[in-house]
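Notes for the one structure printed next.
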Amino acid sequence: MLDFFTIFSKGGLVLWCFQGVSDSCTGPVNALIRSVLLQERGGNNSFTHEALTLKYKLDNQFELVFVVGFQKILTLTYVDKLIDDVHRLFRDKYRTEIQQQSALSLLNGTFDFQNDFLRLLREAEESSKIRAPTTMKKFEDSEKAKKPVRSMIETRGEKTKEKTKNNKKKGAKKEGSDGPLATTKTAPVEKSGLPVGPENGELSKEELIRRKREEFIQKHGKGLDKSSKSTKSDTPKEKGKKAPRVWELGGCANKEVLDYSTPTTNGTPEAALSEDINLIRGTGPGGQLQDLDCSSSDDEGVTQNTKPSATKGTLGGMFGMLKGLVGSKSLSREDMESVLDKMRDHLIAKNVAADIAVQLCESVANKLEGKVMGTFSTVTSTVKQALQESLVQILQPQRRVDMLRDIMDAQRRQRPYVVTFCGVNGVGKSTNLAKISFWLLENGFSVLIAACDTFRAGAVEQLRTHTRRLTALHPPEKHGGRTMVQLFEKGYGKDAAGIAMEAIAFARNQGFDVVLVDTAGRMQDNAPLMTALAKLITVNTPDLVLFVGEALVGNEAVDQLVKFNRALADHSMAQTPRLIDGIVLTKFDTIDDKVGAAISMTYITSKPIVFVGTGQTYCDLRSLNAKAVVAALMKA
């Protein structure tokens, strides 16, 4: 039984609707529009919303959408056939009204489609019932029944006989020259009455090998003797030990020179930093995030090289362009197949996960199928433009994270804003936490860093070093004696959830604006550590959960994010589990134009990329520029 069937235009005008139940179809259809149609995720023609399964079909020629909804516990086999039949009949019946393509004509038009729909629904249900049940295959119909039993027994016997014969032959070969193999070779000679030996010109294998060895030694023996004499003469020289050479500018290996530890006074390290603060800070404004720039220096050389080639082959380029023109016809799957295959391979080469590249190309094909093209537009340019628009839309997901606005909102409520960082090992969680701390300090917010990585050796010391350097950049003297950054740590081997809870309470009492919780790196398959992370997030309820991932990964990005979300949902004690809210993409300066990890992570989670790490200094933090990333992704 169907819950609803609706037909509406891509502009949002509902042309006709069938209600099978009393519940309204507005909520599920709006969820489909927000999550699938606007986000360019049309690779699959089904969508699940709460207890409903929605199947849809796009008519790109007339800009229509056909949606059917039914309970997801039902398996209705006739839905695909029904939606195709309704699409065909509705388009043919109301072609003239739809072709006017004006909102007033669609609003004033009367689409009396109820009787036709009920007839098609009845035919589809009857066709599914008429389908004959599948019968089991009998033994007489199988290929094994056609073979007689005698043939099978004979083949097995022949195989065993052949195996025994082969084993006997192998054993005969392994025996020496006195065995049966040698006797069979010498038998015809014995019959002739001639003895076997060197007098008659016939030699055995051993004698031939011995003679060849002697000839080889006679030819090359002189060189071997010389080399052996030279090695003997050199051996007594090697016995004497060679004195080590002392270089003029080499220095000496004294303990005092090699001691690079920090100087201490009364057992406590000095607060002064030996290195230059500008090197730690980096260049650029720290309080304002700059947009990510994916352009490289190679682009100028490419553009300069392409200019003369374009002038040389203008005639050939003109004919090539005319060959690819579509000429005011509707696009079909066959027209786009070769172009989409190249686009898919290009995306995979740029580090996009293989499954996501396939879904993206399928979504573009569904979006363009049946669409009428202009006269001077090619299939390649049309598909490329549609793919670019889809990628830009994917990188701009539904929710936009604005940390500064949320922190000011938390200040009005007199509570700290809590951010939790999670991710796999070695992706740069602590380093990018320090960058975000510097960005918050530049914007005038006080930060408390909670060292909840009680597992990795040196994790607390690393955060302590960052805290000391950030304090040097923002000393209390510049902020009226107020401590702007502080580390909260309880050592190693403690419960991370308990430390985070104590840090939040400490920040509330001391008046800190932001609490940044650093967690231990963990693989997505490690169940005990994922349970501990889910406990930390459930107990402390942070305002923002950021997943830190590196831009070097391809298919692994999908696996990490899917399993992190699944583990947080499975191991959470709450009814509505808290999942990942945003992404921090690190090591972006090491990948050149292979920026596909950004697409993979955003597509699989529908969450925004909040920060992008582009270096080692505190200013190397950027905000994502969707158009720049897509331009780098589409660059050949």
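Brief remarks follow.
- Using θ = phi - 60° in the Karplus curve 6.51 cos²θ - 1.76 cosθ + 1.60, the 3J(HN,Hα) couplings for the range 513-520 round to 7, 10, 10, 9, 9, 9, 10, 6 Hz; x is entered for Gly and Pro.
- Loop sites in the range 1-99: trypsin sites (Lys or Arg not before Pro), DSSP, at most 15 other Cβ within 10 Å: LYS10, LYS72
- Each listed q (0.19, 0.22, 0.25, 0.26 Å⁻¹) maps to a log10 I(q)/I(0) for the range 388-481 from the Debye sum over equal C-alpha point scatterers, namely -1.06, -1.22, -1.35, -1.38.
- A 1.4 Å probe, protein heavy atoms only, puts the accessible area of ASP592 near 90 Å².
- Remark: the range 413-512 carries 41 Å² of accessible area per residue (probe radius 1.4 Å; ligands, DNA and RNA excluded).
- According to the Kirkwood relation over distinct C-alpha pairs, the hydrodynamic radius of the range 491-577 is 14.3 Å.
- A simple count of charges around LEU463, restricted to other residues whose Cβ falls under 9 Å of its Cβ and scoring Lys, Arg +1 and Asp, Glu -1, yields -3.
- Environment charge at VAL86 (Cβ cut-off 10 Å; Lys +1, Arg +1, Asp -1, Glu -1): +1
- Remark: the range 331-340, residue by residue, has Karplus-estimated 3J(HN,Hα) of 6, 10, 5, 5, 5, 8, 4, 5, 5, 5 Hz, where x stands for each Gly or Pro and the curve is 6.51 cos²θ - 1.76 cosθ + 1.60 at θ = phi - 60°.
- Accessible-area ranking of LYS607, LYS490, LYS342, largest first, probe 1.4 Å: LYS342, LYS490, LYS607
- Taking only alpha carbon atoms, the range 509-636 gives an Rg to Rh ratio of 1.00, where Rh is the Kirkwood radius.
- Heavy-atom SASA rank of ILE504, ILE604 (probe 1.4 Å, accessible area, largest first): ILE604, ILE504
- For the range 1-43, dividing the convex hull volume of the Cα atoms by the residue count gives 81 Å³ per residue.
- The string of couplings for the range 610-621 from the Karplus curve (6.51, -1.76, 1.60, θ = phi - 60°) is 7, 10, 10, x, 10, x, 10, 8, 5, 8, 7, 9 Hz, one whole number per residue in order, with x for Gly and Pro.
- Close amide H partners of TRP16, meaning residues 5 or more places away or on another chain with modelled amide H under 5 Å apart, are ILE7.
- The H on the amide N of VAL352, modeled in the peptide plane, is under 5 Å from the matching H of GLY596, each at least 5 residues off or on a different chain.
- Over 28 Å between alpha carbons, listed pairs LYS93/LYS367; LYS371/LYS594; LYS57/LYS137; LYS367/LYS563; LYS490/LYS587: LYS371/LYS594; LYS57/LYS137; LYS367/LYS563; LYS490/LYS587
- At an R0 of 22 angstrom, the distance between the Cβ atoms of GLU461 and GLU502 translates into a FRET efficiency of 0.65.
- Shown here are the Rg and Dmax of the Cα trace of the range 13-90, at 12.2, 33 Å.
- Taken per residue, the accessible surface of the range 1-130 reaches 52 Å², heavy atoms only and a 1.4 Å probe.
- Each residue was assigned an accessible area with a 1.4 Å probe, and for CYS361 the value is about 10 Å².
- When the surface is traced with a 1.4 Å probe over the full set of protein chains, VAL379 keeps roughly 30 Å² accessible.
The values are calculated or read from the model by the stated rules, or taken from the named source; none is laboratory data. These numbers come from a predicted model, not from an experiment. Here the Cβ is made from the backbone with ideal geometry for all residues, glycine too, and neighbour counts use every protein chain on show. In case anyone asks, the SASA skips ligands and DNA or RNA and just uses the protein heavy atoms, side chains included. Shrake-Rupley method; radii C 1.70, N 1.55, O 1.52, S 1.80 Å.
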